[in-house]
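Only one structure is covered here, and it is reproduced in the block below.
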Amino acid sequence: MVAFNVDNKIKTRILVVEDSQSLNYFYSAVVKTLDTEVKSAFNGKEAIELIQSFAPDIILLDLNLPDIPGMEILKLLQLQEHRVTSIVITADERIDLPAKAMKLGAYDFLTKPVDSNRLITTVNNTIEKLELEAIKEGRKKETPIKLGNFIGASQVMHDIYDKLCRISNSKASVFITGESGTGKEITANTLHELNTERKGKFIAINCAAIPKDIMESIIFGHIKGAFTGAISDRKGAVAEADGGTLFLDEICEMDLELQSKLLRFIQSGVYRMVGSTKTYTVDVRIICATNRDPLNEVKGGRFREDLFYRLFVIPIHLPPLRERDHDVVHIAMYFLKQYTEIEHKNFLYISHAATEILLQYPWPGNVRELQNAIHSTIVLNEGPVLEKDMLPPNILNAVADIRNNPANYQKYVGMNTIYSLYSNNASSPAAGEKSENSQSTQIPATSEVFHKPRPDDGKEDSGHHEDSDYPARHNFIPLPEIPADILSLEDIKRRYILAAVNSCNGSITKAAGLLGVNSSTIYRQIEKWESSGLIEKKSTFKTV
């Protein structure tokens, strides 16, 4: 439950979906007597919008709506990240209807006319059921996040949003990493909007899109005559962002010489315009982002190590869309509504079959690719329902290929992440350091993590063993035979979690399911281990 009154008492959110105005008002008035928060929808379109924004705990659903069949709404409810308990109310007396509704997840079924006592009893019993479930599971009801395009209901996105709220008023630099299309600029802008103390502008610069010979001028500005074509003074981005936020996207593309000037500016807050000897002071918060592995860029000499640690104060990693559970449904519905209005079309919802395609496709281009797919589908087709066959052919073909051979999933991902330990020693290097003798050891992608080593370990493996139950590959954590070989439980946990992630081709969601934990738990652990220098992330790019 997520709504609170002035006494901080938890309220249950109820959505009443009934096209008859008199019945809708009647149902709403009755359930409000149970001290609940109630909203009304008079058609399927309004219901879908409120399911996304209001995130009800209970929905009273009429099956005979004027625009969308109630059964389709029940199908959509099954795909929601947040739980919604449905109570169906209908005048249809077909014998098989209750069974069909229950099969689609309906909790109870009422036939019209429904008197107030019956309705109160049913809703009250449902509320008690939800409260008992919440106590038993110890869970906190989460609602979708909606701020611009920063949308999601998955736990990992709630964790990121909570982190943004906690750091919103800080002046510390933020370093955002993630694949292309995951919404790094949107996240930076969201962080800027959450800040209640800094009233300046949000200025964004894409370091990959600006030629390096004018990059310094774009950031710091120039005076008249500083170079050919400088016919007047021009303020730079740091001056425009004074009192606000400067977002440097694709920071790893910045020239090394300019990186040193940026470092001096970040350390002192003082800068010079190109061609000038006069210094200026500004108060700017720096947020940067990259789709590369910044540590690999540092090791390769393409990014200054001192600048990296000056910027890498608060790291935020945006997971790919395929790792965000059912967020693809929330974001697809957001874009459906947005482009339906822009293109003056009449789309109301996405069919169940089309939604299944969206969930099975790996989205190598992440949110940006999803946005383009929904936009093009709306432009080329007519509603009111976005059907499966309307989706772009490349998406349909990829999903068909994956269904025929699940092993082909990885070739559509585009990037595969493998995590590696820095050493087998008990003492690991601190963040940013690596001991002279330490070696990066890739965690094996195998279920045989624990196994007593054979006496002939270290010899060349012929691929055949007399023991039929002995794994052909010697990928395991050896059971200790002497005290010096005993690993700490923290080391064992780290090795086992990384082995699970790597065995799932880098899919943290799948690994979390196998390990029986929440995916956000693994994300937090990996973030902690990376920042402590205990593991490194290796990315290999693949083509379709």
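The values are calculated or read from the model by the stated rules, or taken from the named source; none is laboratory data. Please read all numbers here as calculations on a predicted model, not as lab measurements. Cβ placement follows ideal geometry from the backbone for every residue including glycine, while neighbour counts extend to all protein chains displayed. Calculation scope for accessible area: heavy atoms of the full protein, side chains included, ligands and nucleic acids excluded. Shrake-Rupley method; radii C 1.70, N 1.55, O 1.52, S 1.80 Å.
Total residues in region 485-509 satisfying the condition of being among the acidic types (Asp, Glu) and in a loop (DSSP other than H, G, I, E, B): the figure is 0. Checked against the criterion of being farther than 24 Å from residue 338 by Cα, among the hydroxyl-bearing types (Ser, Thr, Tyr), modelled with pLDDT of 90 or more and in a strand (DSSP E or B), the candidates 28, 40, 86 yield just one match: 86.
Contact map, region 206-222: first residue farther than 15 Å from residue 234 by Cβ, second residue acidic (Asp, Glu) and open to solvent by 60 Å² or more (accessible area, probe 1.4 Å), Cβ cut-off under 6 Å, separation 6 or more or different chains; pairs are 207/253; 208/253. In region 150-196, the qualifying residues are those that are basic (Lys, Arg) and over 23 Å from residue 55 (Cα atoms), and the one that is least open to solvent (accessible area, probe 1.4 Å) is 184. Take the conditions (1) more than 32 Å from the chain's Cα centre (by Cα); (2) closer than 26 Å to residue 328 by Cβ; (3) not polar (S, T, N, Q); residue 104 misses just one of them, which is (1).
Contact map, region 375-390: residues that are among the aliphatic types (A, V, I, L, M) paired with residues that are open to solvent by 80 Å² or more (accessible area, probe 1.4 Å), Cβ distance under 8 Å, separation 6+ or inter-chain. Pairs shown: 390/380.
Among strands (runs of 3 or more DSSP E) entirely within region 240-281, having at least 2 residues that are surrounded by 13 or more Cβ atoms within 10 Å (Cβ to Cβ), more than 30 Å from the chain's Cα centre (by Cα) and touching a residue at least 12 places away in the same chain (Cβ under 8 Å) singles out 270-272.
Within region 530-539, identify whether any single residue is at pLDDT below 80 and part of a helix (DSSP H, G or I), and answer yes or no. For region 530-539, residues at pLDDT below 80 and part of a helix (DSSP H, G or I): present. Of all residues in region 290-311, those that are over 12 Å from residue 175 (Cα atoms) and open to solvent by less than 50 Å² (accessible area, probe 1.4 Å) have Cβ atoms under 7 Å from Cβ atoms of residues that are modelled with pLDDT of 90 or more and of a type in the set (D, E, K, R), 6 or more apart or on another chain, in 298/305; 303/297. Taking the stated definitions as given, is residue 59 outside any helix (DSSP H, G or I), of a type in the set (Val, Ile, Thr) and open to solvent by less than 20 Å² (accessible area, probe 1.4 Å)? Criteria met by residue 59. The numbered conditions (1) at pLDDT 90 or above; (2) under 30 Å from residue 78 (Cβ atoms); (3) out of contact with any Lys or Arg (no Cβ under 8 Å at 6 or more places or on another chain) are all true for residue 311 except (2). Within region 25-47, being surrounded by fewer than 23 Cβ atoms within 10 Å (Cβ to Cβ) and under 25 Å from residue 385 (Cα atoms) holds for 39, 40, 42, 43, 45, 46. Counting residues in region 321-342 that are free of Cβ contacts under 8 Å to residues at least 40 places away in the same chain and open to solvent by 60 Å² or more (accessible area, probe 1.4 Å) gives one or more.
Taken over region 87-127, the criterion of being open to solvent by less than 30 Å² (accessible area, probe 1.4 Å) and under 19 Å from residue 351 (Cα atoms) is satisfied by 101, 106.
Checked against (1) out of contact with any helix residue (DSSP H, G or I) (no Cβ under 7 Å at 6 or more places or on another chain); (2) surrounded by 18 or more Cβ atoms within 10 Å (Cβ to Cβ), residue 203 passes all but a single condition, namely (1).
Would you confirm, using the coordinates I've provided, whether residue 223 is in contact with a Phe, Trp or Tyr (Cβ under 8 Å, 6 or more places away or on another chain), open to solvent by less than 70 Å² (accessible area, probe 1.4 Å) and at negative phi? So residue 223 does not fit the description; no.
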